[in-house]
Amino acid sequence: FSRPALREALYRTLSKEQRERLHAAAAAALQAESNTIEGSYQRAFHLRSAGAHVELLDELPSLVAQLLRSGQPQRVAPLARWGLEAVDAVQRSESSTPSSTGDKLRIRLLEAAADAADRLGTREDQRELLEKLAQLDIDPSADPESAGRVYLLHGRYAVATGQYGLARGLYKNAVDLLERAGAQLEHSEALRRLSAVQSHVGNLVDARGLAERARDRAVVAPQRALALLQLATVGVLEDRLEASLEQTEEALRLLRSDTTWSLPGALAGAHL
């Protein structure tokens, strides 16, 4: 089409069935390109528009994970919401009943949407998503990992809104639950974030111990780099400048060594 307005005008003349059929055809044509993030994102858009809820849910988890690693929260946010719509549609269908698999996927999508809202700074959306997570009434004794991740997300919101006392309590709960669950990656993140709060309020001894534990439990190179940067920050506050410089240089080396992750904020923080 020579102008987008022409495409929109024609699109409005189509029936719902015609639109869904064309979107399904576009999704099928894009399947060959679904090995790229761009192709997968476009295919997800067309699957959602075609009402292909089951197919969309099959593809979303891996695509959302890719987008998080490549630092694209602006795309994770709509994808997670499309996924939540699809979960609702599947569970409403006559041939489907609510399942634990569907509930776990709902939790994961709400977490991804809340994570994206936090990174984008859309606090109203973040608050709304966290309230939906709270309504799921996750049992910490039965599912400590999910409960720990929810505490972690609530802690991030508290930090973003300046509630450091509340954030400290939430992060402590997250640390305990994630350690109990054996979720090493999330446990390391919770330790690092709790260290940042402790250093912010002046508890430097606790902050250093937490940052060291986060570094030791890091699963991937970028996560270890973030823990080292937190350790270096504590060192600056303690006037250990040479050690902080060494830790920062090691963090930069780790960030450059793993090209599967895009963490421009971490690079900027390291240079700062």
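Structure data summary
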| item | result |
| --- | --- |
| Two-site label geometry, Glu8 and Ile37: point separation in nm, points 7 Å out along Cα→Cβ | 2.8 nm |
| Separation in nanometres of the label points that stand 7 Å from Cα toward Cβ, at Leu120 and Ala89 | 2.0 nm |
| Cα centre as origin, Lys/Arg/Asp/Glu Cβ charges: the stretch 206-272 dipole, Debye | 260 debye |
| In sequence order, calculated HN-Hα J values of the stretch 230-243 (Karplus, 6.51, -1.76, 1.60; Hz; x Gly/Pro) | 5, 5, 5, 4, 4, x, 4, 5, 8, 6, 9, 6, 5, 5 |
| For the chain: Kirkwood Rh in Å [reciprocal of mean 1/r, alpha carbons] | 20.5 Å |
| Per-residue ³J(HN,Hα) for the stretch 187-194, Karplus 6.51 cos²θ - 1.76 cosθ + 1.60, θ = phi - 60°, Hz, x for Gly and Pro | 4, 4, 5, 4, 4, 5, 5, 5 |
| Cα-based shape type of the stretch 1-144, given that a ≥ b ≥ c are square roots of the gyration tensor eigenvalues and the cut on a/c is 1.5 | prolate |
| Degrees between helix 144-160 axis and first principal axis of the chain (Cα, 0 to 90, nearest 10) | 80 degrees |
| Cα-centred dipole magnitude for the chain, charges only on beta-carbon of K, R (+1) and D, E (-1), debye, nearest 20 | 600 debye |
| Per-pair calculated FRET efficiency, R0 = 35 Å: Gln163 and Asp139 via Cβ, rounded to 0.05 | 0.85 |
| Stretch gain in nm, segment Val201-Glu20, where the contour uses 0.36 nm per residue and the Cα spacing is subtracted | 59.7 nm |
| Carbon/sulfur fraction of accessible area - the chain, other protein chains in place, 1.4 Å, % | 51 percent |
| Principal axes of the stretch 60-189: Cα extent on each, largest first, Å | 46, 33, 24 |
| Probe 1.4 Å, protein heavy atoms only - accessible area per residue of the chain in square angstrom | 53 Å² |
| Under 5 Å, built H, 5+ apart or other chain: amide partners of Ser262 | Ser70, Gly71 |
| Helix-only [θ]222 nm of the chain, DSSP H runs n ≥ 4, -39500 (n - 2.57) each, per residue, nearest 500 | -26500 deg cm²/dmol |
| Solvent-accessible ranking of Trp261, Trp82, largest area first, probe 1.4 Å | Trp261, Trp82 |
| Gyration tensor (alpha-carbon) shape descriptor, the stretch 123-272, a/c threshold 1.5 | prolate |
| Mean Cβ count within 10 Å, highest first, over the residues of peptides 205-215, 190-200 | 190-200, 205-215 |
| Lysines whose Cα lies under 20 Å from that of Lys104, excluding same-chain neighbours fewer than 8 positions away | Lys132 |
| Signed unit charges on C-beta, dipole axis of the stretch 1-152, positive-most listed residue Gln72, His23, Ile37 | His23 |
| List Leu272, Leu14, ordered by accessible area with a 1.4 Å probe, largest first | Leu272, Leu14 |
| Quotient of C-alpha Rg and 2.2 N^0.38 Å, computed over the stretch 173-212 | 1.12 |
| More than 20 Å apart - percent of Cα-Cα pairs taken over the stretch 195-272 | 25 percent |
| Karplus 3J(HN,Hα) series, Hz, for the stretch 65-75 with 6.51 cos²θ - 1.76 cosθ + 1.60 (x for Gly, Pro) | 4, 4, 5, 5, 5, 8, x, 10, x, 5, 9 |
| Span from the the stretch 103-176 Cα centroid across to the the stretch 200-234 one, whole angstrom | 21 Å |
| Global form of the stretch 1-71, assessed from the alpha-carbon gyration tensor, a/c cut-off 1.5 | prolate |
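The values are calculated or read from the model by the stated rules, or taken from the named source; none is laboratory data. It should be emphasised that the depicted structure is a prediction, and the values quoted were computed from it without experimental measurement. Don't worry about glycine lacking a Cβ; one is built from the backbone with ideal geometry, like all the others, and counts go over all protein chains shown. When the accessible area is computed, the model is the full protein with side chains, heavy atoms only, and any ligands, DNA or RNA have been set aside. Shrake-Rupley method; radii C 1.70, N 1.55, O 1.52, S 1.80 Å.
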